[in-house]
There are 2 protein chains.
Amino acid sequence: MPFVKATALSCANIAFIKYWGRKDHLLRLPLNSSISMNLDNATTVTTVAFDEALPADEIEIGGEPASPHAARRVSEHLDRIRALAGITARARVASRNSFPMGAGIASSASAFAALTVAACASAGLQLDERALTILARQGSGSACRSIPAGFVEWHTGDTSDESFAESIAPPDHWDLRDLIAIVQTEHKEVGSSKGHEIAGPSPFAAARLAEAERALPVVRVAILARDFTTFGEEAEQEAIRMHAVAMTSRPSVLYWSPETVRIMHAVRQWRAEGLEAYFSIDAGANVHVLCQGKDAPYVEAALHALLDVREVLANRPGPGTQLVEHHLF
Amino acid sequence: MPFVKATALSCANIAFIKYWGRKDHLLRLPLNSSISMNLDNATTVTTVAFDEALPADEIEIGGEPASPHAARRVSEHLDRIRALAGITARARVASRNSFPMGAGIASSASAFAALTVAACASAGLQLDERALTILARQGSGSACRSIPAGFVEWHTGDTSDESFAESIAPPDHWDLRDLIAIVQTEHKEVGSSKGHEIAGPSPFAAARLAEAERALPVVRVAILARDFTTFGEEAEQEAIRMHAVAMTSRPSVLYWSPETVRIMHAVRQWRAEGLEAYFSIDAGANVHVLCQGKDAPYVEAALHALLDVREVLANRPGPGTQLVEHHLF
């Protein structure tokens, strides 16, 4: 059977209950379940074409040959798909992000979600959504959350089959916005993969896990009820807890830059003044400012007025990973 | 018996194992024992004169009448001393700091230590050092650590009499330096007194307490052995733990400013480059950069080269609180 060329579009996601620390590094089983939202304006497009004639995988990211480290991670993920499809063909892969890589926006999530869906399609492998999330998870944990649409919960699970993601509400359920203040585009010093490995040695790891388990149903219910205040307070505290674990790990990792802290204070100041917004921060220096659609123009204007905010990437709840017609090669 | 006019000089102190949270707010019994160093260049001078002719306490701080809140706290402390001395006379009090108040240098520590020693002398009350620390503690917890000389341990204790401070090494034991980078002289939003009250609700409070108890003897032994690496790593991690508790409390308190974080990163960068320094941070935005005497000129120059460092206050281990001849009135 000849292979087809397939292209997938995937959104990055922002987690309100974070993925931080794993109970199984090889299978990428997370310590706790997490909840996220897809970001409609932070996307990856990936084209995959398996080809019997290729001597090796050819992987291009952002118009450049992938680094040896990235290429190996992609090939290992293609190996999982080759094994499932019972094929040995190498693949040509091209991928492009709409946002800067490695700066606190989860580029590996949208990248591995798009890669999973495009590669399965090229290989002729028919998997349901749950199976796709389990497969994507093995490439990059949070990638499983970028497969379903809108607001998504990733169940921790005790086995690989139990650790899957599913949508808890579609994109149009709630006009929540994530305005990402891009304060730093240099590559972060410590990737989130490394972060998961150091999460254990923090003296706060056990308490963070217990809090994540407490907060998860609170955040889920708040999303379903569109209760922004409960949602925002829990999301902001969860982000702080994750970073407190990172900075108390050994080695200690401080993802925040001076600009991160400036925006954190600004968001709290706006809130005190009646403009309701909350922050979340992933494994990087950028700040995700969460607000309701009605307040988004005001929050965006206030962010632009701050020094050191280079760019604001405004996001609404995004769709799940989907095949598209426009190929990259 | 006529009262004498008495003046005391007291050093602020920097805690390496922090005082954060109390088991008894009225008696100011701390959750955990702490260890600090007096700062010879951050001092308070306080003159006290009890006078039967005064209708009320007259309290001046930094050349201005004290605020109602500060005046009340001073008068309540004078009441303790009046009760012990069996007198009813009101007092005239004047106090001056060598450093800005309320900006992360523990001004209440040196203020209440100096007030305690000067007021006892003016009232003719003869107390030994341990009793003075117990008395000072009731005015402001960390004030007890400014009474003894050099490196000081404050024992938590289960009763007021057990919660005292004592020197563990004299000032000349070790040429440790604390270079305080003054980044913000506005009054902090949340005083440390309030901080102690919110320490409980953090999900990390119990783990922080256990870590403080683990680290206390490690820091004590490192000071006695002049083991700078062990000392610095423990002190820096303890400071981060204290701030992690503050920022995960409800309400969440973030004492750090953008400049705080800039200096934290800079200190770690210098360390990676071979200039061994560590940071500590009290309940404010200023950063205490700890180094050995041999490296102090280099660290001080590096601090001055950073943007946003308004002033560097260089400290060596300081003496205990002592009576001096030069009165403020």
Test A:Gln269 against the criterion of being within 21 Å of the chain's Cα centre (by Cα), open to solvent by 50 Å² or more (accessible area, probe 1.4 Å) and at pLDDT 95 or above, and give yes or no.
no
Only one of B:Asn13, B:Asn41 that is of a type in the set (S, T, N, Q), in contact (Cβ under 8 Å) with a residue 24 or more places away in the chain and over 24 Å from B:Leu127 (Cα atoms)
B:Asn41
Just a yes or no: is a residue in segment B:274-285 more than 14 Å from every other protein chain (Cβ to nearest Cβ) and without any contact (Cβ under 8 Å) to a residue 40 or more places away in the chain?
yes
Can you name the residue in segment A:229-266 that is more than 11 Å from every other protein chain (Cβ to nearest Cβ) and of a type in the set (A, V, I, L, M, F, W, C) and is also surrounded by the most Cβ atoms within 10 Å (Cβ to Cβ) among such residues?
A:Ala235
Looking only at segment B:1-20, which residues are surrounded by fewer than 24 Cβ atoms within 10 Å (Cβ to Cβ) and either in contact with a Phe, Trp or Tyr (Cβ under 6 Å, 6 or more places away or on another chain) or part of a loop (DSSP other than H, G, I, E, B) (or both)?
B:Met1, B:Pro2, B:Phe3, B:Val4
Kindly provide the set of residues from segment A:65-78 that are open to solvent by 70 Å² or more (accessible area, probe 1.4 Å) and either assigned to a helix (DSSP H, G or I) or at pLDDT below 95 (or both), ordered by number.
A:Pro68, A:His69, A:Arg72, A:Glu76
Within segment B:148-180, the residues that are among the aliphatic types (A, V, I, L, M) and open to solvent by 10 Å² or more (accessible area, probe 1.4 Å) are B:Ala149, B:Ile168
For segment A:234-278, what are the residues that are within 26 Å of B:Glu238 (Cβ to Cβ) and of a type in the set (A, V, I, L, M, F, W, C)?
A:Ala239, A:Ile240, A:Met242, A:Ala244, A:Val245, A:Ala246, A:Met247, A:Val253, A:Leu254, A:Trp256, A:Val261, A:Met264
Residue under evaluation B:Val289, criteria (1) of a type outside the set (Lys, Arg); (2) surrounded by 22 or more Cβ atoms within 10 Å (Cβ to Cβ); (3) within 14 Å of chain A (Cβ to nearest Cβ), criterion not met
(3)
Looking at segment A:218-237, which of its residues are free of Cβ contacts under 8 Å to residues at least 40 places away in the same chain and under 19 Å from B:Thr248 (Cα atoms)?
A:Val218, A:Thr230, A:Gln237
Regarding segment A:99-106, can at least one residue be identified that is surrounded by 23 or more Cβ atoms within 10 Å (Cβ to Cβ) and modelled with pLDDT of 95 or more?
no
Can you go through B:Leu26, B:Leu54 and tell me which one is assigned to a loop (DSSP other than H, G, I, E, B) and in contact with a strand residue (DSSP E or B) (Cβ under 7 Å, 6 or more places away or on another chain)?
B:Leu54
Test B:Arg226 against the stated conditions and say whether it is within 23 Å of B:Ser167 (Cβ to Cβ), outside any helix (DSSP H, G or I) and more than 10 Å from chain A (Cβ to nearest Cβ).
yes
Return the pairs, sorted by first residue and then second, in which the second residue is in a helix (DSSP H, G or I) and of a type in the set (Lys, Arg), the first residue lies in segment B:108-131 and is touching a residue at least 40 places away in the same chain (Cβ under 8 Å), the beta carbons are less than 8 Å apart, and the residues are 6+ apart or on different chains.
B:Ala109/B:Arg145; B:Ala123/B:Arg82
Looking only at residues in segment A:207-226 that are among the basic types (Lys, Arg) and surrounded by fewer than 18 Cβ atoms within 10 Å (Cβ to Cβ), which one is nearest to A:Pro170 (Cα to Cα)?
A:Arg226
Residue check: is A:Ser34 open to solvent by 60 Å² or more (accessible area, probe 1.4 Å), small (Gly, Ala, Ser) and within 25 Å of the chain's Cα centre (by Cα)?
no
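The values are calculated or read from the model by the stated rules, or taken from the named source; none is laboratory data. If you're wondering where the values come from, they're calculated on a predicted model, not measured in any experiment. Here the Cβ is made from the backbone with ideal geometry for all residues, glycine too, and neighbour counts use every protein chain on show. Heads up: the accessible areas ignore ligands, DNA and RNA and are worked out on the full protein's heavy atoms, side chains in. Shrake-Rupley method; radii C 1.70, N 1.55, O 1.52, S 1.80 Å.
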